[in-house]
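Reviewing the structure listed below.
Taken together, the values in this text are just the output of simple stated rules run on the coordinates, not laboratory data. As the structure is a prediction and not an experimental result, all values here were calculated from the model. When we count neighbours, we look across all protein chains shown, and the Cβ atoms used for this are built from the backbone with ideal geometry, even at glycine.
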Amino acid sequence: MNRSPALLLLASLALVGLSACARTALTPECPVGYIANGDTCECLTDQACPTGMRCEAGVCACRDTSCCPEGHEYSATSESCVCRDDSCCPVGHVWKAEEGRCECGEQECCPAGYTFDTQRGACGCTADSCCPQGFRYDPLAETCVCNSDECCPVDHRYDPERRDCVCSRTACCPPDHTYSAAVRACVCNGDSCCPAGYRKDPARERCVCISDAACGPGNFCDSSSGACLCRDNSGCKSGQYCNGFGFCQTLGNCTTNADCPPGNFCDITTDRCIANGPCTLDEHCGFGQLCDPLTARCRAGCRRDADCADKQACEGGQCQPFCRLNASCDVNLFCAPNTGACGTRPSRVDCRDCTASSSICGSGASCLTFISEGQTGNFCGTHCSSNEDCPSGFDCTEVIFSCTTGEGGTCPADSNAPGQTFTCKGFQVENESGTRFYCSDATGLPHVYIQACAPLSGFCPATELP
């Protein structure tokens, strides 16, 4: 079939129109100085970019403050625009030029535990929660301070009493010192630690004097003790005197004439040593003396036993070696009040050693052991009901029973406590290792079975107390 030339021309024009539309959609129209690259336009020169920008790899990049946002400044170091003004800081923050950054400027932006300091213009830590590990906040010092071993230097520990780090190993001790776990401190162990004229004792525990010159005027070096003692009052401070033991003693706080130097007595109304001289009260006179109101001088005499020295009594207006109590006698003696004489009682077994056999004590006494540090021997204790049943130097003390039946074991009955049951119980005795077992009552405490005479000195044979 023959086609019309007009139809053929129309078809040709239609095809041409469709082809032109497709080319317009795929090829973007780029500004002057740009070139199309795919579906984007890329710069060819710096002149094609806005003011302050440079063409780099087909893209315009800001390289000058003029193209930075408000409050920003171009940084060649970071090759970017950086904040340099309050206007670009976060809410509540201000620009700190000296720090080169935005910082918090009010309480609302401070972290937990921090408080805004208006004087410093910054947030400051004011709570334990913001302190480093091992530290606590000190409100007085207004800073975080060390509060545990964690923040102490090597070989140191935190001392809660001193609130500071202290040395806890020999490695940090000064020269000639070693760390002592017993005292938890560095202790001197060399002569160089001692003052001039002193050296360490053989046990290396303390400094002892080696010459009188080390002790100063009026003093001398006691070779047996290694201590400086006074020769006379010149070796003591003002208001002190050199007593008979070589120690300086204050003239105040005396209790007896023995506390005062020669030529002085203890005025018990003021507890001070005063020189012998005119008196107004009996108390201004020494033991065995009274104040004569006619002469204002002390004279021999007494009004009561308290006017007399120890182990004396006032008899016929004069102090005599007369006893009224066992305590007025020497150790191991009894007082006969009717005659005032002290004497022994041959049948007594007080403090007799019964370690080998308890039968040596007889029926009126028990073989006892002291419950105190270092006591191992046994002694006879005569049964008693009061201190007057015991000789001088002894007192009537309570006696408890030891037991070997173990915790909860049975113990002897007590005829003085009918109906009560006693059991064996363990106790820790001060300065003694291990557990000690004693018969105890319902209170959980050791039961007192009897009373017996025991030396006040704490050991046998009994001695005079100082």
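Things worth noting here:
- Its Cα centre serving as origin, the range 251-320 has a Cβ charge dipole (Lys and Arg +1, Asp and Glu -1) of approximately 160 debye.
- Longest DSSP-loop-exposure-free segment, GluC sites (Glu not before Pro), the chain, at most 12 other Cβ within 10 Å: 206-372
- Local electrostatic count, F422, Cβ distance below 9 Å [Lys/Arg +1, Asp/Glu -1]: -2
- Within the shell defined by Cβ-Cβ distances under 14 Å, the residues around R163 carry a net charge of -2, with Lys and Arg each +1 and Asp and Glu each -1.
- From most to least packed by mean Cβ count within 10 Å, the peptides 224-236, 414-426 give 224-236, 414-426.
- For the range 84-124, applying the loop criterion from DSSP together with a ceiling of 16 other beta carbons within 10 Å to the trypsin sites (Lys or Arg not before Pro) yields R120.
- The range 365-466: C-alpha gyration tensor shape, a/c 1.5 cut-off, then a/b vs b/c: oblate
- Around I274: net Lys/Arg minus Asp/Glu count, Cβ-Cβ under 11 Å: -2
- Over the range 193-235, the alpha carbon radius of gyration divided by the compact-protein estimate 2.2 N^0.38 Å works out to 1.13.
- Counting only Cβ charges, +1 for Lys and Arg and -1 for Asp and Glu, the dipole size of the chain around its Cα centre is about 840 debye.
- Charged-residue dipole, Cβ positions (Lys, Arg, Asp, Glu), the range 235-354 about Cα centre, Debye nearest 20: 140
- Adding -39500 (n - 2.57) for every DSSP H run of four residues or longer, then dividing by how many residues the chain holds, sets the calculated 222 nm ellipticity at -1500 deg cm²/dmol.
- For Kirkwood radius over Cα pairs in Å, calculated from these coordinates, the label among (1) 23.6; (2) 22.2; (3) 35.4: (3)
- Look at the Cα gyration tensor of the range 251-320: its axes a ≥ b ≥ c give a/c of at least 1.5 with a/b at or below b/c, and that counts as oblate.
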